[in-house]
Every structure is written in C-alpha cells, then in structure tokens.
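Trainee: I have a structure here, written as structure tokens, and I will follow up with some questions on it.
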Amino acid sequence: MKGFMIAGDRSGTGKTSVTLAVAGILSEKYCVQTFKVGMDYIDPSYHTAVTGRPCRNLDSFVMETDTIKSIFAEGCEGADIAIVEGVRGLYEGSEATGDEGSSASIAKSLDLNVLLVIDAKSITRSAAAIVKGFQSLDKGVKITGVILNNLHGKSHTKKAVAAVEYYCNLPVIGAIPRTPDLGLRMRHLGLVPYLEGEASLEFRDRISHIKESIGSYIDMDKLLTAASSFINQIPFSRKGSDSFSQLKIGIALDKAFNFYYADLFSLLSSTGTEVTFFKPTEGKLPEADGYIIGGGYPELYLAELEANEVLRSAIQEKAQNGVPFYAECGGLMYLTQEIQLKEGWQNVKNEETFYMCGVFPAKTRMPGRRVVSYVEGVSLKGSIMGEFSFKGHEFHYSEVIPVDELHYTYRLRRGFGIRNGLDGIYIKSVIGSYTHLHPLASKPMFMQFLRACENA
C-alpha cells in the first residue's frame, strides 16, 4: 500500500482542508485510511466522515514508538492508501529543541514522505526560503512535494511555484487560490465536531465544497507519485488482551459528549467487552457494569442536560451504589453539582446556572482559565484506574470549584489539572479528570478500570 503525510509550516495553513479534499477525492477510487498527529478529537471526526473509516491518532509524546506502529498497522488493515495529517507546524513538538510530539517524529517513525503545505499569502521567493529551511532542519524528514495555499492571481501563483521548484528541487503539486469561504466553523477550543453538524445539509455541503474547490487545484497523479511511500503491510493482531466477555460498558455519545479516540472502541472490542451507548441530552441510562463519559461541549447543551433529570438521577444513584464511572473533561463537568455560565460568555447576558449530576461536591464555571497542554503524571494506588504513570493531554476552558473536600488520585509533573497539578477527583468508584488519556498509551489503566467494573 501507499502512504504519506500532509503537514503545514504552521497552524492555520489550511492543511486540514487540504487533507479532507485529498482524502475525499482518493476515496472515490481507493480505500483510504486517515490518521491525525496529536491528541485531537475534532479533525479525526471530519476524516472519518470523508473516508467512512475511523481515523486514528498518533502522538510521539504520549505513545511509545511500538504503540504508534501498532496503531498504524491496525488502522491500515484493508486500506490502499494511508494519509497522516500533521499537527501545527511540521517540527512543533513538546520541547523547543527535540521532535517528541511533532509531526516530523511520526513521519520518521513510519518512514513516510511529507507533503508540506505553505501559507504563501503575499510571498513568492520567500516561499522557497521557507521550504528550504524545512528541508535543512532535519535531514531524516523526507519532504517530497509542496502545496502552496492562499495565492492571489496568476502572477503570484507563477512566481511562487517557479521559486519553490527552482530553489528547492521539489514539485509543487498544488497551487490553491485565496478562497475565504473554505474555512470550517470554529469554536472556543477549536473546530466544531462533525457529529454535531452531520444532520445539517449546510454542513455536509461545506465539506463537499472544500473537497471540490481545493481538489481542482491539486494534481492528484503528481501527488501520488511525489508523496507516496510504499508500506509493507503487516497483518495486525492484538493477542494477549485480557478477556471481559461478560462485561457491558455504557458510553455517553451524543452532541454534548463525543470526544473519544477510535482506539477505545478497538480496545474494548478486543477484550470482548460489550458496548452500549446512551445520550445524556435525551433518553435513559442503560444497565451496564460501568460507564464512560468522555469530553465534548456540554456547556452548549446545558438546558437539555438539565432537563433530563431522570438520567441525571440514575447516574447519581449508580455512583452512590459503587458502580464505576470514568469521566474526562466534559464528563467531569457533567458529574459536578452545577455548571455556571458567566455574564458575557457566549452572549450570556446574566449569569446562568444549570444543575448537573451532583456526583462530585464541586461546581463548574465557564469560562475559566484556558488550558491546552500535554500532561504527565502518576495515578495513585486505590483508585479504579490503578497505580501507574501516564502521559496525556488537557484542553479546557472551564474550572472546577470545590464546595467540599475533594480527593485527587492524579499527581501531575506536567500540566495544570483541576488545580495546581492535582487531577482525577475520586469518590467511591467514580473518577473525573481534565486529563485525556489515550486508551492504548494508557492501556494498563483502562484494563484496571474494566477489572473494577467486573468486580463491582
């Protein structure tokens, strides 16, 4: 099979739109598997929608190299082409002088050729200087083609293309004009998840428009020639996983809670665990041995969450009776007593308060400190997640305020958590954290959670 990475010179170059266009066009002829560098939920939701295959995340800060290769191998089963979308600039990582956490590190680990997307607004020869710098910084990264974005007019396009091809000895396989309406809708923590927009004809039309508009300026034959690495596909096997064939886990999945990594469902499936979904904005809580409430945007659907008193009461009762719950970020907020929206936040005229599940003796306030960071820490002995070291990510715009004593089971060496490096509120068999964990990078913790559900 073939594979390549699409990376940018910085955030905002348009690489997500380019990736969607390329993946969409190639999916018309081939079976395409996409991957996203970084601990991101939203871009992968678009990839999944375009290709029909679950997008997988790859992150060299959170994951060991063997885990990255394992995820890549499993994702690529049955695919003809693998496309990896980078994160931020090609070389941005967790540190200034190392490549851990960067797109470049993933490209090297998987031996992928890189297509570099350059924001060429108002530059011509300088575009070549940018590409030249990217070529020279790390000789282990194989940049094999360039896509120029934000070009203005025939003269601008001709000069920029000629400069890059002359000075960098690389083909320019795409020259995309400045098109203001190609952007995807944004939100306070990033793009709007595809799941929220999939019922909207306007939303689907926007993605179709991006594919058609960008695709008409990319030479797909040249792209496949210049960008493709040939990958020896190795059949994937997840032998040795613990078996939980008698276990049923309820997972919150609706417009308010949809931040999950595809590998969570692969992991649960590999253990024989049955999964049942429920919608906190409507419906009832299904019977299960344990529950997972992921992240999302609960602050946008507070009236509906509050109105579903039957489900909130059921969660509170289950939690009091010792049924295990694992909640991340938005799920943490949902398990507090209430969520307060400050005046001025998202057009709120007066402070508004909405009642939530009341499992934790704390309140959530929006907005709080905006936190986007890698996380590194340890989980203490005694919680349903076990005693392990972990790496993860946090991104939130809220703060959790205790109204009684809180017990924390995560101690962070890196990251902010709920307060001052403390995270993972723990009460009975319920844990809620701002830390997002990848289920394979933190597999021992998720296995411990399943054991707790089995023994509850």
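Values in this text are rule-based calculations from the coordinates and carry no lab data. Bear in mind the structure is a predicted one, so any value in this text is a computation, not a measurement. Because the Cβ atoms are built from the backbone with ideal geometry, glycine has one as well, and the counts that use them run over all protein chains shown.
Trainee: Restricting the count to DSSP beta bridges whose residues both fall in the chain, what percent are antiparallel, rounded to a multiple of 5?
Mentor: Roughly 45 percent of the DSSP beta bridges within the chain come out antiparallel.
Trainee: How large is ³J(HN,Hα), in whole Hz, for each residue of region 370-380 in order, when computed from phi with the Karplus curve 6.51 cos²θ - 1.76 cosθ + 1.60 and θ = phi - 60°, using x for Gly and Pro?
Mentor: Here the 3J(HN,Hα) series is 7, 10, 9, 7, 5, 10, 9, x, 10, 9, 7 Hz.
Trainee: Of all DSSP beta bridges located in region 248-455, what percent are antiparallel, nearest 5?
Mentor: Of the beta bridges lying entirely in region 248-455, close to 60 percent run antiparallel.
Trainee: Another question, then. What shape does region 308-385 take by its C-alpha gyration tensor, where a ≥ b ≥ c are the square roots of the eigenvalues and a/c under 1.5 counts as rounded, a/b above b/c as prolate, and the rest as oblate?
Mentor: In terms of gyration-tensor shape, oblate.
Trainee: Once phi is turned into θ = phi - 60°, what whole-Hz ³J(HN,Hα) does the Karplus curve with 6.51, -1.76 and 1.60 give for every residue of region 393-401, x standing for Gly and Pro?
Mentor: Values, residue by residue: 8, 9, 8, 7, 10, 10, 9, 9, 10 Hz.
Trainee: No solvent, one uniform scatterer per C-alpha: report log10 I(q)/I(0) for the chain via the Debye equation at q = 0.06, 0.08, 0.11, 0.12 1/Å, two decimals.
Mentor: Ignoring solvent entirely, the Cα scatterers give -0.27, -0.48, -0.89, -1.04.
Trainee: Do you know the relative contact order of region 2-230, to the nearest whole percent, from alpha carbon pairs under 8 angstrom that are 6+ apart?
Mentor: Answer for region 2-230 is 25 percent.
Trainee: Step through the table entries LYS15/LYS349; LYS69/LYS284; LYS211/LYS349; LYS255/LYS381; LYS255/LYS342; LYS121/LYS142, compare each Cα-Cα distance with 31 Å, and write down the pairs that go over it.
Mentor: LYS15/LYS349; LYS69/LYS284; LYS211/LYS349; LYS255/LYS381
Trainee: Need one word for region 244-360: rounded, prolate or oblate. Basis is the Cα gyration tensor (sqrt eigenvalues a ≥ b ≥ c); a/c below 1.5 gives rounded, then a/b vs b/c decides.
Mentor: Because a/c hits 1.5 or more and a/b exceeds b/c, region 244-360 counts as prolate.
Trainee: What shape does region 370-456 have by the C-alpha gyration tensor, where a ≥ b ≥ c are the square roots of the eigenvalues, rounded means a/c under 1.5, and otherwise prolate means a/b greater than b/c and oblate the rest?
Mentor: oblate
Trainee: State the antiparallel share, in %, of DSSP beta bridges confined to region 2-230, rounding to the nearest 5.
Mentor: 15 percent
Trainee: Could you give the angle, 0 to 90 degrees to the nearest 10, between helix 15-27's Cα long axis and the longest principal axis of the Cα atoms of the chain?
Mentor: The answer is roughly 80 degrees.
Trainee: Can you give the relative contact order of the chain as a percent, counting alpha carbon pairs under 8 Å and 6+ residues apart?
Mentor: Across the chain, relative contact order equals 13 percent.
Trainee: Compute the helix-to-body angle for 42-51: its Cα long axis versus the longest principal axis of the chain, expressed 0 to 90° and rounded to tens.
Mentor: The angle comes out at about 60 degrees.
Trainee: Amide H neighbours of GLU399 under 5 Å, counting only residues 5+ apart in sequence or on other chains, H built in-plane at 1.01 Å?
Mentor: Excluding prolines and chain starts, which carry no amide H, the hits are ARG365, GLY368.
Trainee: A follow-up question, please. Normalised radius of gyration for region 1-63, please: alpha carbon Rg relative to 2.2 N^0.38 Å, two decimal places.
Mentor: Normalised by 2.2 N^0.38 Å, the Cα Rg of region 1-63 equals 1.09.
Trainee: Which angle between 0 and 90 degrees, to the nearest 10, do you get for helix 125-137 versus the longest principal axis of the chain when only C-alpha atoms count?
Mentor: 60 degrees
Trainee: For a bin width of 10 Å, list the pair-distance distribution of region 2-230 built from all Cα-Cα distances, rounded to whole %.
Mentor: In whole percents, the pair-distance histogram is 8, 36, 38, 17, 1.
Trainee: Given H placed on each backbone N at 1.01 Å, which residues far from GLY101 in sequence or on other chains put an amide H within less than 5 Å of it?
Mentor: SER60, PHE61, SER94
Trainee: Another question, if that's okay. Under a cut-off of 17 Å between alpha-carbon atoms, report the aspartates and glutamates in cross-link reach of LYS158, not counting same-chain residues fewer than 8 places apart.
Mentor: ASP119, ASP219
Trainee: Same structure again: Identify all aspartates and glutamates with a Cα-Cα distance to LYS132 below 13 Å; exclude those on the same chain that are fewer than 8 residues away in sequence.
Mentor: ASP9, GLU165
Trainee: Amide H to amide H, which residues 5 or more places from ILE143 or on other chains are under 5 Å from it, using H placed in the peptide plane?
Mentor: Residues meeting the criterion, in which the H sits 1.01 Å from N, are VAL114.
Trainee: Just how large is the dipole of the chain about the Cα centre, in debye to the nearest 20, putting +1 at every Lys and Arg Cβ and -1 at every Asp and Glu Cβ?
Mentor: Dipole magnitude for the chain comes out near 1240 debye.
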